[in-house]
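Trainee: Once you've had a glance at the structure underneath, I'll fire off some questions.
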């Protein structure tokens, strides 16, 4: 894997002595895969039996009671199409659990639907779940997964996430899994390296700042927002959260925690309560999670 | 035909006693189940597609009606179910019309009986790749 000089310089400055371990993680082939049991249609015992029948070895994901590490990447069996489980990275199981179930829940950038369907099972198909996605091809993937997983409390919308607050509805829980520079996907695909530049990162951050403010303005008082990315840069993570704190002074950060998961703190004092999930700590893709409460 | 009438026809056709857990809506000949709360948002999709006006079911509809279906439900072997998910047609009993396929363990989905053949009506997106 050839790492561009700009990427290397940036991450060496960000990670210091740990850069070597960090970049080595992406050089290893992916041996561990994962899935989430869809409790709207099945249960852990049934899915374990199915995996055993297919000769797939499994182990529990320590931070998600419905998550399983599995030895096989090719899990598109009949039972998958029946919606009994969702093939999903273990790090993608973090944000919906930090957000938790609510009465009115918005998933602002919802496609392809892994987190939306996870939220639906946490909500037990009750309340209102809005899966928002403005790209038509990605909406198809979202609808496919909502249908496959038997989600019946969800609607799909195609609003511009940066202006969602203009739509007139307010929510008690909002998840923004923001489009990002996706360093976390490097193990699956090297494409990100070819287009990675600080200029690109900064342009993504501008959109993310609009999204987090629009999401915050779409909360009811006391409502909770979770902002997550699968990338490493401070521009797309801590600086986006700091932008929210500056623009909306009644916003308060909660300390991000999840049992069974090693979480590092945010890189700046203002965003210290945020969580950084590093690949070398949990054998997952890197992730960033912030939890903010309105009028907290 | 409205939602209630279609539900009545479905229960009569499959000999089932399905009582929806939420509101049914009929849009463009497709029957949806919605258990969410009402919103003013402009939506592209709402709820779960369970059936069609021609009495065929989706996989999710078969999973709901199939638990109590006493008619037009055929038990197949697991190997046949896997072949069906790969896109194959199956041999079936005489007769015509939509039916529910199940194995001894679980409900598999919808099919359409045509002169002793169970025609595969799974959408391409729901077939397995292996």
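The values are calculated or read from the model by the stated rules, or taken from the named source; none is laboratory data. Just so it is clear, the structure is predicted and the values come from calculations on it, not from any experiment. As a convention, Cβ positions derive from the backbone with ideal geometry for all residues, glycine included, and neighbour counts pool all protein chains shown.
Trainee: How many residues are surrounded by 16 or more Cβ atoms within 10 Å (Cβ to Cβ) and assigned to a loop (DSSP other than H, G, I, E, B) if we restrict to the range A:135-157?
Mentor: 5
Trainee: Checking the structure you have, find out if any residue of the range B:84-97 is within 11 Å of chain A (Cβ to nearest Cβ) and crowded, with 19+ Cβ neighbours inside 10 Å.
Mentor: Yes: the range B:84-97 contains one or more residues that are within 11 Å of chain A (Cβ to nearest Cβ) and crowded, with 19+ Cβ neighbours inside 10 Å.
Trainee: Let me ask something else. Can you tell me which residue among B:36, B:61, B:22 is crowded, with 20+ Cβ neighbours inside 10 Å, free of Cβ contacts under 8 Å to residues at least 40 places away in the same chain, within 11 Å of chain A (Cβ to nearest Cβ) and in contact with a strand residue (DSSP E or B) (Cβ under 6 Å, 6 or more places away or on another chain)?
Mentor: Exactly one residue qualifies, and that residue is B:36.
Trainee: While we're here: Can you tell which of B:65, B:57, B:7, B:33 is touching a helix residue (DSSP H, G or I) at 6+ places or on another chain (Cβ under 6 Å) and at pLDDT 95 or above?
Mentor: On inspection, the qualifying residue turns out to be B:65.
Trainee: What number of residues within the range A:59-68 satisfy the criterion of being within 26 Å of residue B:86 (Cα to Cα) and either touching a residue at least 40 places away in the same chain (Cβ under 8 Å) or surrounded by fewer than 19 Cβ atoms within 10 Å (Cβ to Cβ) (or both)?
Mentor: Summing the residues that are within 26 Å of residue B:86 (Cα to Cα) and either touching a residue at least 40 places away in the same chain (Cβ under 8 Å) or surrounded by fewer than 19 Cβ atoms within 10 Å (Cβ to Cβ) (or both) in the range A:59-68 gives 0.
Trainee: If the Cβ limit is 9 Å and pairs must be 6+ apart or interchain, which residue in the range A:107-130 that is within 12 Å of chain B (Cβ to nearest Cβ) and on the phi > 0 side of the Ramachandran plot pairs with which residue that is part of a helix (DSSP H, G or I) and surrounded by fewer than 24 Cβ atoms within 10 Å (Cβ to Cβ)?
Mentor: Short answer, once both residue conditions are applied: A:113/A:141; A:113/A:143; A:113/A:144; A:113/A:145; A:113/A:148.
Trainee: Across the range A:158-208, which residue is farthest from the other protein chains (Cβ to nearest Cβ) among those that are part of a loop (DSSP other than H, G, I, E, B) and without any contact (Cβ under 8 Å) to a residue 24 or more places away in the chain?
Mentor: A:189
Trainee: From the residues in the range B:1-19 that are exposed (fewer than 12 other Cβ atoms within 10 Å of the Cβ) and closer than 22 Å to residue B:101 by Cβ, which one is nearest to the other protein chains (Cβ to nearest Cβ)?
Mentor: B:17
Trainee: Does residue B:68 satisfy the criteria of being away from chain A (no Cβ under 11 Å) and either within 20 Å of residue A:149 (Cβ to Cβ) or surrounded by fewer than 16 Cβ atoms within 10 Å (Cβ to Cβ) (or both)?
Mentor: Here the answer is yes, as residue B:68 does meet what is asked.
Trainee: Across the range A:226-244, what is the number of residues that are within 16 Å of the chain's Cα centre (by Cα) and part of a loop (DSSP other than H, G, I, E, B)?
Mentor: So the count comes out to 6.
Trainee: Let me ask something additional. Just a yes or no: is a residue in the range B:116-125 part of a loop (DSSP other than H, G, I, E, B), in contact with a helix residue (DSSP H, G or I) (Cβ under 8 Å, 6 or more places away or on another chain) and facing chain A (nearest Cβ under 10 Å)?
Mentor: yes
Trainee: Residues of the range A:130-143 being under 17 Å from residue A:92 (Cβ atoms) and either modelled with pLDDT under 95 or in contact with a strand residue (DSSP E or B) (Cβ under 6 Å, 6 or more places away or on another chain) (or both), which ones?
Mentor: A:131, A:142
Trainee: So, one more: Just to be sure before I move on: is residue A:55 without any contact (Cβ under 8 Å) to a residue 40 or more places away in the chain, over 19 Å from residue A:278 (Cα atoms) and exposed (fewer than 12 other Cβ atoms within 10 Å of the Cβ) in the structure I sent?
Mentor: The answer is yes for residue A:55.
Trainee: Let me spell it out: the conditions are (1) crowded, with 19+ Cβ neighbours inside 10 Å; (2) more than 12 Å from chain B (Cβ to nearest Cβ); (3) under 30 Å from residue A:158 (Cα atoms), and residue A:101 meets all of them except one. Which number is the exception?
Mentor: Just one mismatch for residue A:101, condition (1).
Trainee: Continuing with this model, one more query. Look at residue A:135 and say whether it is within 19 Å of the chain's Cα centre (by Cα) and away from chain B (no Cβ under 13 Å).
Mentor: no
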